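Beneath this line is the structure, given in C-alpha cells, with notes to follow.
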Amino acid sequence: MNPTIVYVGVALYTLVCFAIGLWGFGKARRPTMEDFFLGGRSLGLFFVLCATWSTLFSAFSYIGLPGAYYRSGISFFGITGNIVLNAACMYFIGSRMWAVGKKFGFINATDLFAERYRSSAVCVIATIVSVASLLPYLGLQIRGAGLTLQGVTKDMISFETGLIYITLVVLVYVVLGGFRSVIYNDVVQAVIMLVGMIGATWAIVEKVGGGFGGVIEKAAAINPALTQFPGPANIWSPMMVLTTCMVIGMGGFAWPQISQRMYATRSMKTVKTLAVIFPISALFVNIPPVFLGLAGRIQYPDLKNADLVFPMMMNDLLSPTMAVIILLAILAAIMSTVSGMILSISSILVRDVWIRFFDPKGGTAERMATVSRVVTVLVVAGSLAFVIWGPKTLVGLLIEASGPIMLQVLVVLAGGLYWRRATKAGAIVSMLASEAFLVLLWTKTITMPALGIHNGVWAMLLGVVLYVGVSLATQPPPEEVVRKFFDLYDEPAGAPARADAK
C-alpha cells in the first residue's frame, strides 16, 4: 500500500474528526452535565439511527464477522436475528426509558435503578457490572485499531503508533464536545462504514467469484456444508442460534452506550420509529460479511487465523485507493464504538459514583462539566491499561462475555419498568446470583444437562426466577415510587395525550 496515500487519507480523516469536535464544542452553549452526556436530549431520527448503527457495529463487523463466515459458512447468518430482538427492546423498553428519563432527568440506566428501587446497592451493583462489561471491550477495541493499522499497512504504521493515534483522536473530540461531537462524528463514520463495506464487498466478490452467485457456487464446491445449516462444525443448531441471538440482541441493548441513546432522543415517537427502521438498516452491515467470508475461503482455503481474511483481501485484491477507503471505514467503526463506550462509562462514573458518594449536593454546571471531562480522560487511561496488561484477543468476547454479562442487567431494567411489584431485594439477588452463576458456567464448574443453549440464557433464566420469587417474598415498593414510575403510562381513558410523547 502506497505510504503517501495512507498518510494523506488518515490525516484528512483526523482533521474531519477534530473539526467536528470543535463544532460540537461550539454548539454546546450550556456547559451542563446533561448537555455533555446527552446533547440536550434533542436527537432526531436520522442522528439517533446513525449513532446507534455505528456504535453497535464495531471493528467486529469488519474483522470478526468475515472470519466467522470463513469458518462456519452461511450457518452463522442465523445470529443476525439478534437485530430483531434488539429492536424489540428499543420499542418496548427504550420508549419507557425515554419517558422516565425526560421527566426525571436520568442520564443512564443506573440512575434509573437508583430511583426505581430506592437503593444505592442496586445502583452500585449495576455500575460495577456495566463497567466490568465495557472497559475490557473498550480496551480491546483500541488494541484492535492498533493491530489493524499495523496489519493493513504491513508495519508501515507500528502497533504503538496506531494505538496512540486512535486514543488521542477519540479523546480529543469526546472531551471537546461530549455527546454532540460523538454524534456528529458517528454520522460521518456511519457513511464511511457503509460505503467502505459495500464497495469492498462488490469489488472482492467480482474478482473472486465473478459475482455473488459465483461465490456461493465456488464455496459449495469446496465444502457443501459452507452453504448449509448447521454449518461445517455442526454448531449452529436452531436452539443455539436463538439463544445466541438473545445474548447479543437483548444483552447488547442493555449496554450503557445503547440504552443511553434512548434518553438522548427528541421524542418517544423517535424511539419507536428507530425500532422499526433499525433492523432494515442493520442488514447493510450484516449481509456483506457473508460474501467476504466465503470469498476468503475460496481465495485462501487454509488460513490458520480466519480473522485476517478481510485485511489480506484488502491488500491482495483491492486498488490502493479502495484499500485506504476500507482502512478508514475500519477506523470509523472502531472510533464510533470507542467514543460511545467512553462517554457512557464516564456518565455512569460521574453520576453514580462521584455525585452519589462524593458530591451529593452537586456543584455548578461548569464544575460538573469539568468533572465529566476529567473522568473521561481517566476512563481512557483505564482502557489503555487494559490494552497493556489485559488479554490479547477480541475473538468471542462479544458473544461469550460482554453480551451475557449485560443480559443479566436487562432483567432488572425491564422488570423495573414493567412490573409494579419488583423490589430492590429482588433486583440485588437477581443480579448477584445470575452473574455468579454465569461465571460458574464459564469455568465449567457447573454444566447444564441440555446442550445447545447459551450460558448467558441459563444465567438469565435463574435471574428471572430469583427476581420474581424474591420480589414476591419481600415488602412491596413504596406506593409513591410505583405512582412515580407507572402513572406515566397508566393514564385514564380519554385523558389528553402528553405533549412530550409526540
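The values are calculated or read from the model by the stated rules, or taken from the named source; none is laboratory data. Worth saying up front: this structure is predicted, and the values here are computed from it rather than measured. Reconstructed Cβ throughout: ideal geometry from the backbone, glycine too, with neighbour counts over all protein chains shown. The protein model used for the area step is the full one, side chains on, heavy atoms only, and it has no ligands, DNA or RNA in it. Shrake-Rupley method; radii C 1.70, N 1.55, O 1.52, S 1.80 Å.
In a helix (DSSP H, G or I) and either among the small types (Gly, Ala, Ser) or touching a Leu at 6+ places or on another chain (Cβ under 8 Å) (or both): is that true of residue 215 in this structure? Considered against the rule, which asks whether it is in a helix (DSSP H, G or I) and either among the small types (Gly, Ala, Ser) or touching a Leu at 6+ places or on another chain (Cβ under 8 Å) (or both), residue 215 comes out as yes.
If you go through region 437-456 and pick out every residue that is open to solvent by 20 Å² or more (accessible area, probe 1.4 Å), under 24 Å from the mean Cα position of the chain (by Cα) and at pLDDT below 95, you end up with 4. Contact map, region 303-323: residues that are more than 24 Å from residue 12 (Cβ to Cβ) paired with residues that are β-branched (Val, Ile, Thr) and modelled with pLDDT under 85, Cβ distance under 8 Å, separation 6+ or inter-chain. Pairs shown: 307/63; 307/395. Whenever a residue of region 204-215 is open to solvent by 10 Å² or more (accessible area, probe 1.4 Å), its partners that are among the acidic types (Asp, Glu), lying with C-beta atoms within less than 8 angstrom and at least six residues away or across chains, give the pairs 209/217. Among the residues making up region 73-105, those that are open to solvent by 10 Å² or more (accessible area, probe 1.4 Å), at pLDDT below 90 and closer than 28 Å to residue 485 by Cα are 102, 103, 104, 105. Residues in region 275-326 that are over 19 Å from residue 53 (Cβ atoms), open to solvent by 60 Å² or more (accessible area, probe 1.4 Å), part of a helix (DSSP H, G or I) and at pLDDT 85 or above: 299, 316. Before we move on, is residue 127 touching a Cys at 6+ places or on another chain (Cβ under 7 Å) and either closer than 20 Å to residue 264 by Cα or touching a residue at least 12 places away in the same chain (Cβ under 8 Å) (or both)? When the stated conditions are applied, residue 127 does not pass them. For region 121-138, the count of residues that are at pLDDT below 90, over 30 Å from residue 419 (Cβ atoms) and open to solvent by less than 40 Å² (accessible area, probe 1.4 Å) is at least one.
On the basis of being touching a Pro at 6+ places or on another chain (Cβ under 6 Å), crowded, with 20+ Cβ neighbours inside 10 Å and assigned to a helix (DSSP H, G or I), does residue 331 make the cut? For residue 331, the condition - touching a Pro at 6+ places or on another chain (Cβ under 6 Å), crowded, with 20+ Cβ neighbours inside 10 Å and assigned to a helix (DSSP H, G or I) - is not met.
Pairs linking a residue in region 366-392 that is over 16 Å from residue 338 (Cβ atoms) and open to solvent by less than 20 Å² (accessible area, probe 1.4 Å) to a residue that is of a type in the set (Gly, Ala, Ser) and at pLDDT 70 or above, with Cβ atoms under 7 Å and 6 or more positions apart or on different chains, are 372/346.
For region 381-412, the set of residues classified as in contact with a helix residue (DSSP H, G or I) (Cβ under 6 Å, 6 or more places away or on another chain) and at pLDDT 75 or above consists of 403, 404, 405, 406, 407, 408, 409, 410, 411, 412, listed by residue number. Examine region 457-468 for a residue that is without any contact (Cβ under 8 Å) to a residue 12 or more places away in the chain, open to solvent by less than 70 Å² (accessible area, probe 1.4 Å) and of a type outside the set (D, E, K, R), and state whether such a residue exists. No, that holds for no residue. Of everything in region 7-50 that is modelled with pLDDT under 85 and of a type in the set (Val, Ile, Thr), the residue that is farthest from residue 101 (Cα to Cα) is 8. Quickly run through region 264-308 and pick out the residues that are closer than 16 Å to residue 204 by Cβ and among the hydroxyl-bearing types (Ser, Thr, Tyr). Answer for region 264-308, where residues must be closer than 16 Å to residue 204 by Cβ and among the hydroxyl-bearing types (Ser, Thr, Tyr): just 300.
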